[in-house]
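Below is one structure; the comments refer to it alone.
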Amino acid sequence: MSIISLLKLYLSNSYRNKLHSLGRGAMLFVEMDFILTLSAILSSIAILISILVLGNVFYAGILIPFLGWGANLFLARKFLIYKDLEKVDVSKRKIVNFLLFLMGGAGIIISCQIIIYFYPQY
């Protein structure tokens, strides 16, 4: 199973859960949820860029959501991850949600460790 199919499985499960409570506007909240997940996963890269390239850790507040949005846009345009979410088999949905939760948590933990390494006085 490829990473793109795992992401489609995650999005399909999220869409089905939100469809019952939100109705027609569920897709907007699925996209926002996915952008937040990608932002958590890519936060360590944004912090490294802001410290090493831009010279200040406070630029990460702008870079983290921008990288999440950029990754979402790239995946949506290149791999069409939002296409046909209703047709995806969601039999393995619990392990995919747990896997993305672990990846997001690991991204945040690594980001905190990077900040502690470069700025121990904070």
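The values are calculated or read from the model by the stated rules, or taken from the named source; none is laboratory data. On a predicted model such as this, the values are computed, not experimentally measured, just so you know. Note that we place each Cβ from the backbone using ideal geometry, even for glycine, and neighbour counts take in every protein chain shown. What goes into the accessible areas is simple: the full protein's heavy atoms, side chains included, and nothing from ligands, DNA or RNA. Shrake-Rupley method; radii C 1.70, N 1.55, O 1.52, S 1.80 Å.
A few notes on this one:
- Viscosity 1.567 mPa s, temperature 4 °C, Stokes-Einstein D of the range 46-92 from Kirkwood C-alpha radius, µm²/s: 102 µm²/s
- With N as its number of residues, the range 67-122 has a Cα radius of gyration that, divided by 2.2 N^0.38 Å, comes to 1.61.
- Mean projected area in nm² (Cα convex hull; one quarter of hull surface) for the range 1-41: 2.9 nm²
- Helical mean residue ellipticity (222 nm; -39500 (n - 2.57) per DSSP H run of 4+; nearest 500) of the chain: -25500 deg cm²/dmol
- Among Ile114, Gly55, Val90 the positive-end extreme of the charge dipole of the chain (Cβ point charges): Val90
- Value of Rg/Rh across the chain [Cα atoms, Kirkwood radius]: 1.04
- With protein chains left intact and a 1.4 Å probe, residues in the range 1-117 average 63 Å² of accessible area per residue.
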